[in-house]
Amino acid sequence: SRGESPSSIYLWNNPISLNVFWTYLYNTHVKRYGNISTLTVGHHLLILLSGLKTVKEGMTSFPEEFSDRPYDPLMAALGKEKGIIFSSGHTWKQQRHFGITSLRKLGLGKKSIEHQIEDAAQTLVEAFRQTKGQPFDPSFPVLNAVSNIICALSFGHPSAPEDENFQKLIQALNFVFNFTGNIFHMMYRFSPQLMNYLPGPHQKALASRDLILSFAKQEIEKHKESNCLHEPQDFIDYYLLQMEKSRNDPYSTYSEENLVQCIWDFFVAGTDTTMATLMWALLLLTNHPDIQEKVKMEIEDVFGFSGSISYQDRKKLPYTNAVIHEMLRIKYILLVGVPRRSTKDVKMRGYLIPKGTIIIPDLRSVLLDPEQWETPEEFNPNHFLDKDGKFIEREEFLPFGIGQRACVGQQLARIEMFIFVTSLLRAFHFQLPKGVKELNEAPVIRVTIYPHPYKFCAIPTKV
């Protein structure tokens, strides 16, 4: 109904299978209704934007109008609508701006944070080496490594893997990751008042959040006692300094409560997504030994077996860079882009999008668009190489989103992926366990898309 609202389907508030829902969404709904369409879930109106042009227009032409986050009872309980991820309006603008600024000050893209990532990568190499070529599940050492990068960024120091408090933090994070998107999350969304009185994993998810926040509060107190604000070394230092500077500003949102929530955001978003991406990367390299070998040969030809490889060196490794980009494309780790909420009535392509509507940028439709990619469903690094083998940037490459609410930590994620992949492939050949023909590439459908648990072999490279 042009001028009123896009074509729609209705999904009543019963906890349907996410797998069935998204299969229907991609294979039927978008093909039938086009690149801008309506979904009604219970009492919620959702607008789905699909395809490069539509997603780009929606996210860049209406930066203020589509800037808020929708209300999710469980996410509100977890995120308290503070920090960066779950906040909206003035709080979000100020916290996001500070998050980006402080990451730059901490040396994002320079050697300081890169050294921390290199150290984490070497720790992961040593953990893999201890398996002595036998089949193992890489998930726990990967989680340890990426979580420790967030520890270094937030607190100024990594934590020892054997540290009891750090292991409790890891276990709490792991539970939250596994909980989001499951049936209890859906039930909480539709009946939060009832679910608050019922036992179940949602109660443990809330308790896990409290444990993570307690960990952050302890670190904040240590920073306040050390009084190093004249030479800030980490995110907490910079934030406490900003609180001091903004003490007399009536419009300031800088507070310990927002600081704690920002740290939560870094751990949840920065750990879960990077871990999922690395788990897919290791799986893809194992399932595609020909591609793995080409990457190893390129690294060896350019750098040999000694000396460090920095993020800037990606320009010397076009094939490796292409492989990493293709990993991020083919195994996009979210169902869709993170939802927004319209702050006012908007007319887009003749359609009325009412205030309060949930806007879903379907980034998966962009990354797998057959009109944009030669072989969208295949792991094909040539998508990012020209005929001369040089790396090419692609406008359609949007795994980190687009517009004002694009991922704050995307540069950190890019550096992590490059350093981890090159460090691991320098040290090992990844092989299938004896008797296994292929690792399962079917996704586990949650908010973050993980592979099924798997084991592989890390065979040390002979120098």
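Table for the structure above
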item: Identity of the residue in the range 50-98, outside any helix (DSSP H, G or I) and surrounded by fewer than 16 Cβ atoms within 10 Å (Cβ to Cβ), that ends up modelled with the lowest pLDDT; result: 71
item: Residues (in a loop (DSSP other than H, G, I, E, B), under 29 Å from residue 342 (Cβ atoms) and not small (Gly, Ala, Ser)) located in the range 407-435; result: 407, 408
item: Residue that is nearest to residue 46 (Cα to Cα), among those in the range 363-387 that are touching a Leu at 6+ places or on another chain (Cβ under 6 Å) and surrounded by 20 or more Cβ atoms within 10 Å (Cβ to Cβ); result: 363
item: Any pair with Cβ under 7 angstrom, 6 or more apart, that starts in the range 91-103 at a residue that is closer than 28 Å to residue 114 by Cβ and ends at one that is open to solvent by 10 Å² or more (accessible area, probe 1.4 Å) and part of a helix (DSSP H, G or I); result: 98/242; 102/238; 103/412
item: Number of positions in the range 424-442 that are within 24 Å of residue 124 (Cα to Cα) and under 22 Å from the mean Cα position of the chain (by Cα); result: 3
item: Among the candidates 413, 442, residue that is touching a residue at least 60 places away in the same chain (Cβ under 8 Å) and within 29 Å of residue 268 (Cα to Cα); result: 413
item: Within the range 135-204, helices (runs of 4 or more DSSP H) holding 2 or more residues that are more than 23 Å from residue 114 (Cβ to Cβ) and at pLDDT 90 or above; result: 139-155
item: Neighbours by Cβ (under 8 Å, 6+ apart or cross-chain): first from the range 235-258, under 22 Å from residue 151 (Cβ atoms) and in contact (Cβ under 8 Å) with a residue 12 or more places away in the chain; second among the β-branched types (Val, Ile, Thr) and open to solvent by less than 70 Å² (accessible area, probe 1.4 Å); result: 235/263; 236/220; 236/263; 240/220; 256/220; 258/91
item: Output for the range 251-267, where each listed residue is assigned to a helix (DSSP H, G or I) and open to solvent by less than 30 Å² (accessible area, probe 1.4 Å); result: 258, 259, 260, 261, 262, 263, 264, 265, 266, 267
item: Any chance residue 208 is of a type in the set (S, T, N, Q) and modelled with pLDDT under 85; result: yes
item: Residues within the range 297-321 that are open to solvent by less than 50 Å² (accessible area, probe 1.4 Å) and under 26 Å from the mean Cα position of the chain (by Cα), tallied; result: 9
item: The lone exception for residue 281 - which of (1) farther than 29 Å from residue 99 by Cβ; (2) open to solvent by less than 10 Å² (accessible area, probe 1.4 Å); (3) small (Gly, Ala, Ser) it fails; result: (1)
item: Scan of the range 343-362 for residues that are touching a Pro at 6+ places or on another chain (Cβ under 7 Å) and either among the basic types (Lys, Arg) or open to solvent by less than 40 Å² (accessible area, probe 1.4 Å) (or both), ordered by number; result: 351, 358, 359, 360
item: Residue list for the range 153-171, filter: closer than 20 Å to residue 278 by Cβ, among the small types (Gly, Ala, Ser) and surrounded by 20 or more Cβ atoms within 10 Å (Cβ to Cβ); result: 154
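The values are calculated or read from the model by the stated rules, or taken from the named source; none is laboratory data. Values in this document were obtained by computation on a predicted structure and should not be read as measured data. Don't worry about glycine lacking a Cβ; one is built from the backbone with ideal geometry, like all the others, and counts go over all protein chains shown. What goes into the accessible areas is simple: the full protein's heavy atoms, side chains included, and nothing from ligands, DNA or RNA. Shrake-Rupley method; radii C 1.70, N 1.55, O 1.52, S 1.80 Å.
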